[in-house]
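Below: one structure, written as structure tokens.
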Amino acid sequence: MYLDDKSEMVSKDTALRGRQTAMPVDEKHAVLGSLMRPPFPEGLESLLVGMGCFWGAEKQFWTLDGVYSTQVGYSGGYTVNPLYEEVCTGKTGHSEVVRVVFDPRQVDLATVLRRFWENHDPTQGMRQGNDLGTQYRSAVYFATEPQRQLAIATRDAYQSVLTDSGYGRISTEVAPAGDFYYAESYHQQYLHKNPQGYCGLGGTGVGCPIGNFPKQ
């Protein structure tokens, strides 16, 4: 058990209420030049993932061929249009997430999920490295049934190799995608804007086997 009370999930009744005003963000992605808000071009898919601090997590996906756009924000909790400072209190229930918008004709979902699994430690519960609290929990928020099925299948496959390597149980939350609230503009593509900025992201060094999964 962590000593920091932010490692305990807040309830809906005790969460901060938030506000009706949505967070403004830039129209175009600072790296890819693509749209930051829907509607996105036809044929693209979106997946929400939480890997700890979203600064480093976002960069893992904008560098992946076939990804059209990425945005950082908050999801999985209760507070409407939260501010970063509110999320950091642990009283919103939200995880820091990246919305990955990708073209399945160029990059399959299994490859996107492998990038997710391999670039953080999904066994750490309500933390990632030195970052403690519910906002840093590992999460996959799926938009479709095929996404749910493959998230679970790759999780189970990764668990097998993690166990063989001495790691504990995967604690990743796999749940239907709810509302996605944009983080403040300065968080978007943060490591592009601040190349020397903090990145607490670190994987296990264990590869995630995806060769047996069908292209989706």
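The values are calculated or read from the model by the stated rules, or taken from the named source; none is laboratory data. Being a predicted model, the structure only gives us computed values, none of them experimental. So basically every Cβ, Gly included, is an ideal-geometry build from the backbone, and we count neighbours across all protein chains shown.
The requirement of being over 23 Å from Arg127 (Cβ atoms) and outside any helix (DSSP H, G or I) is fulfilled nowhere in region 1-10; no residue meets it. Exactly one residue among Ser46, Ser69 is out of contact with any His (no Cβ under 6 Å at 6 or more places or on another chain), surrounded by 17 or more Cβ atoms within 10 Å (Cβ to Cβ), among the hydroxyl-bearing types (Ser, Thr, Tyr) and assigned to a strand (DSSP E or B), and that residue is Ser46. On inspection, Tyr181 fails the criterion of being buried (at least 20 other Cβ atoms within 10 Å of the Cβ), closer than 21 Å to Asn130 by Cβ and touching a residue at least 60 places away in the same chain (Cβ under 8 Å).
Residues that are surrounded by 24 or more Cβ atoms within 10 Å (Cβ to Cβ) and among the aliphatic types (A, V, I, L, M) were ranked within region 81-97; the one that is nearest to Phe142 (Cα to Cα) is Val97.
For region 39-58, the set of residues classified as under 11 Å from the mean Cα position of the chain (by Cα) and among the aliphatic types (A, V, I, L, M) consists of Leu47, Leu48, Val49, Met51, Ala57, listed by residue number.
Inside region 156-183, residues that are within 30 Å of Met23 (Cβ to Cβ) and either part of a helix (DSSP H, G or I) or of a type outside the set (Ser, Thr, Tyr) (or both) make up a count of 9. For the subset of region 74-94 comprising residues that are in contact with an Asp or Glu (Cβ under 8 Å, 6 or more places away or on another chain) and outside any loop (DSSP other than H, G, I, E, B), which member is farthest from Val174 (Cα to Cα)? In this case the residue turns out to be Tyr84.
Quick check on my filter: what residues within region 184-216 are basic (Lys, Arg) and either surrounded by 14 or more Cβ atoms within 10 Å (Cβ to Cβ) or in a helix (DSSP H, G or I) (or both)? Scanning region 184-216 gives a single hit, Lys193.
From Ser171, Ser165, grab the single residue that is polar (S, T, N, Q), in contact with a Ser or Thr (Cβ under 9 Å, 6 or more places away or on another chain) and surrounded by 14 or more Cβ atoms within 10 Å (Cβ to Cβ).
One residue alone meets the criteria, Ser171.
Kindly evaluate Arg148 against the criterion of being basic (Lys, Arg), part of a loop (DSSP other than H, G, I, E, B) and either in contact with a helix residue (DSSP H, G or I) (Cβ under 9 Å, 6 or more places away or on another chain) or in contact (Cβ under 8 Å) with a residue 24 or more places away in the chain (or both). Taking the combined requirement at face value, the residue does not satisfy it. The residues listed here are Gln106, Gln124; of these, the one that is in contact with a strand residue (DSSP E or B) (Cβ under 8 Å, 6 or more places away or on another chain) and at pLDDT 95 or above is Gln124.
Let me confirm something: among Ala153, Ala110, Ala139, which residue is surrounded by 17 or more Cβ atoms within 10 Å (Cβ to Cβ) and either without any contact (Cβ under 8 Å) to a residue 60 or more places away in the chain or assigned to a helix (DSSP H, G or I) (or both)? Break it down stepwise before answering.
Numbers: Ala153 fails: surrounded by 17 or more Cβ atoms within 10 Å (Cβ to Cβ); Ala139 fails: either without any contact (Cβ under 8 Å) to a residue 60 or more places away in the chain or assigned to a helix (DSSP H, G or I) (or both).
Selected residue: Ala110, the only one of Ala153, Ala110, Ala139 that is surrounded by 17 or more Cβ atoms within 10 Å (Cβ to Cβ) and either without any contact (Cβ under 8 Å) to a residue 60 or more places away in the chain or assigned to a helix (DSSP H, G or I) (or both).
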